[in-house]
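Undergrad: Dropping a structure here in structure tokens format, bear with me for questions.
What follows draws every value from the coordinates through simple rules; no lab data is involved. Keep in mind the model is a prediction, meaning the values are calculated, not measured.
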Amino acid sequence: MADILPGTLGPLLREARHRLAAAGVADPALDAWLLVEHFSGTTRTQAIAEPSQTVREDAIAAIDVALRRRVAGEPVHRILGFREFYGLRLGLSPETLEPRPDTETLVEAILPFARATAERLGECRILDLGTGTGAIALALLIAVPGAVATGVDIAAGALATAMRNACELGLADRFETLESDWFAKVSGRYHVIAANPPYIPSRDIGNLQDEVRDFDPHLALDGGADGLGPYRIIAAEATRFLEAECRVAVEIGHTQRNEVTDIFLAAGYRLSGMFCDLGGNDRVLVFERANP
Ligand SMILES: C[S@@+](CC[C@H](N)C(=O)[O-])C[C@H]1O[C@@H](n2cnc3c(N)ncnc32)[C@H](O)[C@@H]1O
């Protein structure tokens with residue numbers, strides 16, 4: 001493995017891939033592409049068509065630092081500072097979870113109801129509890145032009161990131177943030193309440209993959225003793241903030257379907273949909289009020 005990175009695009013990519021593979025990175029080819037592209041400002045097409053293209057020295061230095069961080073175990077999107085979600089580029093910060101593809105299942109699950117509501121009423125008010133980067137709310141706002149959303153989080157740093165993302169996407173006029181412990185400071189009524197709450201039981205946090213445990217904020221992961229605490233709060237308190245015609249959509253851990261369903265049924269909801277992620281795991285439950 002060369003200490004000094006090559007100065008032309010093709011050999012640079014090859015060496016980046018070798019360094020990551022030697023360190024045991026799971027997908028060295030993809031991560032090498034992502035880091036080289038981002039820090040050199042080049043494209044994959046250029047790398048294929050013009051492998052002898054010279055890369056600027058400052059870009060090579062930045063790629064060297066990025067590769068060392070990746071070799072040390074930092075997730076590739078933390079190094080890039082952003083991650084794609086539902087086709088949107090979302091900035092990350094230390095206070096935000098990296099939005100995951102599994103969560104796109106929640107967006108897909110609630111989208112038909114949000115669209116139909118906006119068409120029927122000319123508006124759809126969405127409350128995104130534990131908004132993080134704003135991923136769920138912003139994806140819904142992009143897809144439903146008649147919708148407005150409030151992103152709630154207890155982490156002020158996450159809300160600042162969510163609002164920056166809304167501004168970058170041109171959605172700031174339809175998105176607001178609220179620093180609140182779940183519903184504590186929420187007012188008004190909503191057609192959709194969406195949440196991907198922390199759902200890992202506290203005792204399991206230490207056994208998570210290194211990249212998750214060491215780089216995602218524990219506030220975004222830790223769901224209390226049995227991982228169900230946030231669902232109990234949401235099920236118990238959501239009714240006061242819902243319109244009669246409404247849906248509550250929650251992401252769940254893949255073993256939590258029955259327990260979360262029971263919590264919502266006991267709180268006066270009816271299950272209106274269950275959705276699996278791309279891996280075939282139970283991932284999203286959608287509820288409506290049993291007696292609106
Ligand atoms: C699993 S992350 C989900 C982030 C984002 N919605 C997504 O899907 O990528 C859970 C979020 O809930 C927030 N959170 C944790 N406890 C909270 C509380 N008591 N009140 C409001 N938000 C909370 C965390 O800060 C974190 O942003």
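Undergrad: Tell me the relative contact order for the chain as a rounded percent, counting alpha carbon contacts under 8 Å between residues six or more apart.
TA: Normalised by residue count, the contact order of the chain is 14 percent.
Undergrad: For region 94-289, divide the Cα radius of gyration by the Kirkwood radius and give the resulting Rg/Rh value with two decimals.
TA: Expressed as Rg/Rh, it is 0.93.
Undergrad: Kirkwood hydrodynamic radius for region 141-253: how many Å is it when counted over pairs of different Cα atoms?
TA: 15.5
Undergrad: Per DSSP H run of at least 4 residues, take -39500 (n - 2.57); add these up for the chain, divide by its residues and hand me the 222 nm value, nearest 500 deg cm²/dmol.
TA: -12000 deg cm²/dmol
Undergrad: Short version: ³J(HN,Hα) in whole Hz for each residue of region 30-40, in order, from phi by Karplus 6.51 cos²θ - 1.76 cosθ + 1.60 (θ = phi - 60°), x for Gly and Pro, what are they?
TA: So the Karplus estimates, Gly and Pro as x, are 5, 5, 4, 4, 4, 6, 5, 4, 5, 7, 9 Hz.
Undergrad: Can you tell me which of P94, P51, P75 moves the most in a GNM of the chain? Springs connect C-alpha atoms under 10 Å apart.
TA: It is P51.
Undergrad: What percent of all Cα-Cα pairs in region 9-80 falls into each 5 Å bin, going from 0 up to the bin containing the maximum distance?
TA: Pair shares across the bins are 3, 19, 33, 25, 14, 5, 0.
Undergrad: Antiparallel as a % of all DSSP beta bridges within region 94-289, to the nearest 5?
TA: Values: 11 of 32 bridges.
Percent antiparallel among DSSP bridges in region 94-289 is about 35.
Undergrad: Would you work out the relative contact order for region 9-80, in percent, from Cα pairs under 8 angstrom that are 6 or more residues apart? Please report the intermediate quantities before stating the final value.
TA: Working: 64 pairs, mean separation 27.3, N = 72.
For region 9-80, the relative contact order is 38 percent.
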